[in-house]
Structure formats: structure tokens, C-alpha cells
Amino acid sequence: METGGLWMLAAAGVLMLATGLPAWVAVSGVALAFSAAGVALGVFGPDLMLALYPRIVGLLENDLLQALPLYVLMGILMNRLPLAGIVFRATSRALGFTGRGAPLAGLGLGVLLAPMSGSVGASVAMLSRTVYPRLRAGIFPEDRSIALVCAASTLGVVVPPSLVLILLGDAMLRAHTEAANIVGLAGRIINTQDVFHAALMPAALLLALFALVVGREAPRQTSGEDRLARGEALTAAVTVAAIAVLLGAVALGYFYAVEAAATGGVALVAYGIATRTLDREILSRTLEEALVVTGALFALLVAATFFTLVQRAFGTDRWLTAFFAGLGGGAAPALAAALAMLAACALVLDAFEMIFVVIPLVIPPLLTRVPDATWVAVLTLLVLQTSFLVPPFGYAVLMARGRLDSRVGTRALARALAPYVGAQLIVLALVLVFPRMLWRDEAEAAAMRATPASDARARGLLERQLEEPEPAPEKEKPAP
């Protein structure tokens, strides 16, 4: 029954694909069904549910979760305010001398705004509304336009300080702490700032390769971009500068993510009021939508906490630790197996579902074999981003095709996406082969020099865990 947690993952994925139920409903439903089966089969007792309340309370006390509704609000405001369109037109005109101003501006908009949008789905919605119509108005083919929207929408996965990186950093901290307790490693535990710093170099390389792809794939055209109204150029310049300062300050550790998100939200509301593009009705709908999305994300977080509790009750975490230890050959086979699992799951799950449901199960056992948690975090980000771009089931691909109601065939879209996926694989290979290319603080670099547990030691630690006797049930005391 130790593989019950893996069957739970498969059941949740099938349920979401087959029924279209919200992720939190599917995850909590599968967890409830498997917990009832575990109790009925005697795998664990009903007192397991008593551990759920303190786990949820402890999870929700995390200060980083305050950034979640703020990022959601910023993403919705960017969709409703004309700022994204102004920035796109200004950037397109500024890059008009290249003959590929519109597609390069679309890519740049993804870099600036995807980290603020909070999710791949929100980025697809924004870029589909702002970038796609202008690409199609020119001479850009439909399949390449969709591919560009897909690629740009995934940049928030790897460009700090996006919500995905914030939540992944917190998940990696928990996973690294758990792995250190299992193996007995002493040293520094990873934090969110480490993930931000380490993601900067791969993100820069990926952006450069994407720009090369756009330059090669996009047909050259004369400058035919929309003319800017008076003051729009200044608005675009101030917007780009403000976003760059906020994102850069968080990524470099000068601002906290919550502070920067709050500042950005207030600035967007102030702009909307000052320009009269945010009236009472639009603000009301914006806040309502932000509450709905935030509620769904917190519901998914609570459901995932229940889900992972049942997985651990089945002993799937110990089974995975034994599986990785049994592979032998050092850290490489365990890393390859874990990344393959993550890539397969990311074909049907979005970033938040991966972070809340899959990573707490797969990453702690992996870190017992590969102690460099920062390197593993960046590889995880790149694998997720690559999977989101793989047709026909990649999350960004499905969202874009559904949003745009496109009739482009899967084969044509796959050809258009191939250069972007190739760029992803190049950066993934570079990070895999040259882990020292990542930016690390000196203290973190020293801590990461720890050697992983040997195969024999890992198996010994696991056997000790498995041999720990179950607590004996308390005997009923005789009545006085």
C-alpha cells in the first residue's frame, strides 16, 4: 500500500482531465476517498484526521502567503487597465528599427508583466488580449503568434520574483528541512531569496534565446505600429521603470515580496483612479474576481495539505526514499527519475498544483540523495516551464488554444513551438551540466559543498526508519 500516494496523484490528474472540476475539488475529493479506503483497509486509523487541523493552521501562518492575494490583484488590474496595451505599443515603436518590433515587444511584455500576473493562466489571458490581436493584425502567422503567447506566458515561472518562485522557494525550504532531518545533514537551509538569485542567470539566458528565436522566426516588417497619444510614451517609460525597480529590488533582496506587491497594487489603483479608467463598477468586479481567484488558490492549498497528509499516511514518502536509494549510481539516477516524474505531472497540472501537491512528495526524498537544494529548485523550474510548452497537453498550450479559440492544428503549433522548447532544453542542459553557473551567496555556496549520503548510508538510514516500532496502543485502564 506504500504506493497509494502515487495512485492518488494519477487519480487526481485523471479526475481533473475527465470532469473539468476545479483542482481543489478534485484534490480534496481524491484525498477523502483514499483516506476512507486507508481506514477501511486498516492501513492507518481515523485519528489521522486529528493531524490535519494543526498542519493547516501552521501552513496559513506563513507570512509569504500575504503576497498571494496581492499578486492576484495586480494581475487582474493589469488585465483591466490600459497600461499593458500602452507599454506594448510604446515598446513596439521603440523596437521598430529591427523590423520585428511587435513580436519582440510581446516577449518583453511577458518578461515585465508575467511575474506580476501570478500564474501562467493569467499571463495567457493578458497576452491574448494585448499582444495576440496586434500580431495577427500584421503579417505574423497565426501558429507563430500562438507560440509566442505561450512562450511569453511561461516566463513568470522562471523570472523572479514571481508568485511561482515565491511559493516554490517556501516549498523547497520545507523539503530541504525534511531531507536534512532524514539524512542528518548539518548546514544552511535554502530560502526564497536563494531561489530568486539562482534563477536570474538561467532566466537571462532563456530570454536571450527566446529573443533569437523571435528574430529568426518573425517575418521582417516595416514600422506600422499604432501611433502613441500624447503622454503615452511617458506613461510607458514610467511604468517600465517602476516595474523594473520593484521586481529588481525584490529579486536582489532589498524589498520583501509582500511589500513590493502591496506597493504595485496601490500604484495601479492610483493610476486607474487618476486616469479615470478604474471606476466604481470596474473596481468592484476586479475585487470580486481577485477574491474568487484567491479563494480558489487557498482552497487548493488546504486541499493539498490534506492530500499530502494521506500520502504520508500510506508511506509513499518512505517508498520514494527507498526507490531513490535503490537506484544506486550516486545522485544522477535519482535526479533523472525525479525530474522525469515532475515533467510527466506538469503535462496535466499547473504550477500551483505542482508546488502544493507533487513537490512535497517528490523533492524531500530527492534531496536526501542530491543535497544542492538550490540547483534542484532551478532544475525544477526549468522542467515545469518546458512541460507547459509541450503540445498538445502543455498547460500554457491548452490555456492559449482555449482562450483564443484557435483552429491551428496540433502539428503546425508543435512546429512553431519547437524552437522555444529547444531553447528551454539548452538552458536546462547548461544548468544540469554547469551547476556553478548559478548565482549563490557565499554562505550558501559553502553549505552546498556537503556531500550526499552514499548508497549504503542512505539505505541504512531508510532501514532504521522502517524498523522503528509502531507505538503500542495504550492498554485500557481498569475501572477503579
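Quick notes on this structure:
- Screening the candidates Phe210, Phe307, Phe324 for the property of being at pLDDT 90 or above, closer than 30 Å to Leu48 by Cα and not β-branched (Val, Ile, Thr) yields one hit, Phe307.
- Within the stretch 34-48, tally of residues that are over 29 Å from the mean Cα position of the chain (by Cα), assigned to a helix (DSSP H, G or I) and touching a residue at least 60 places away in the same chain (Cβ under 8 Å): 2
- Residue within the stretch 246-263 that is touching a Lys or Arg at 6+ places or on another chain (Cβ under 7 Å), surrounded by 21 or more Cβ atoms within 10 Å (Cβ to Cβ) and either among the aliphatic types (A, V, I, L, M) or over 29 Å from Val195 (Cα atoms) (or both) present: no
- Restricting Val357, Val376, Val397 to residues that are part of a helix (DSSP H, G or I) and out of contact with any helix residue (DSSP H, G or I) (no Cβ under 6 Å at 6 or more places or on another chain) narrows the list to Val376.
- Sole residue being buried (at least 16 other Cβ atoms within 10 Å of the Cβ) and of a type in the set (Lys, Arg), chosen from Arg276, Arg280, Arg318: Arg318
- Tyr395, sole failed condition from (1) closer than 19 Å to Ala10 by Cα; (2) among the hydroxyl-bearing types (Ser, Thr, Tyr); (3) surrounded by fewer than 24 Cβ atoms within 10 Å (Cβ to Cβ): (3)
Here is a yes/no grid of residues against (1) farther than 20 Å from Glu178 by Cα; (2) free of Cβ contacts under 8 Å to residues at least 24 places away in the same chain:
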position	(1), (2)
Ala270	yes, yes
Ala325	no, no
Gly328	yes, no
Cys345	yes, no
Leu349	yes, no
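- Any hit, the stretch 2-21, residues being in a helix (DSSP H, G or I) and among the charged types (D, E, K, R): no
- The single condition among (1) surrounded by 22 or more Cβ atoms within 10 Å (Cβ to Cβ); (2) within 28 Å of Thr192 (Cα to Cα) that Val57 does not satisfy is (1).
- Exactly one residue out of Ala67, Ala26, Ala51 is surrounded by 19 or more Cβ atoms within 10 Å (Cβ to Cβ), in contact (Cβ under 8 Å) with a residue 40 or more places away in the chain and of a type in the set (Gly, Ala, Ser), and it is Ala67.
- Residue count for the stretch 115-173 under the criterion of being within 30 Å of Pro371 (Cα to Cα) and in a helix (DSSP H, G or I): the result is 17.
- Being in contact with an Asp or Glu (Cβ under 8 Å, 6 or more places away or on another chain), of a type in the set (Val, Ile, Thr) and touching a residue at least 24 places away in the same chain (Cβ under 8 Å) is a description that applies to Val258.
- Only residues that are of a type outside the set (D, E, K, R), under 16 Å from Val164 (Cα atoms) and in a helix (DSSP H, G or I) were counted across the stretch 59-104, and they come to 12.
- Considering the stretch 264-347, the qualifying helices (runs of 4 or more DSSP H), each wholly inside and each with 1 or more residues that are polar (S, T, N, Q), under 22 Å from Leu83 (Cα atoms) and more than 23 Å from the chain's Cα centre (by Cα), run over 280-314.
- Test result for Gly29, assigned to a helix (DSSP H, G or I), at pLDDT 90 or above and not acidic (Asp, Glu): yes
The values are calculated or read from the model by the stated rules, or taken from the named source; none is laboratory data. Note that the coordinates shown come from a computational prediction; the quantities given were computed from them, not determined experimentally. FYI the Cβ positions are ideal-geometry reconstructions off the backbone, even for glycines, and counts take in every protein chain you see.
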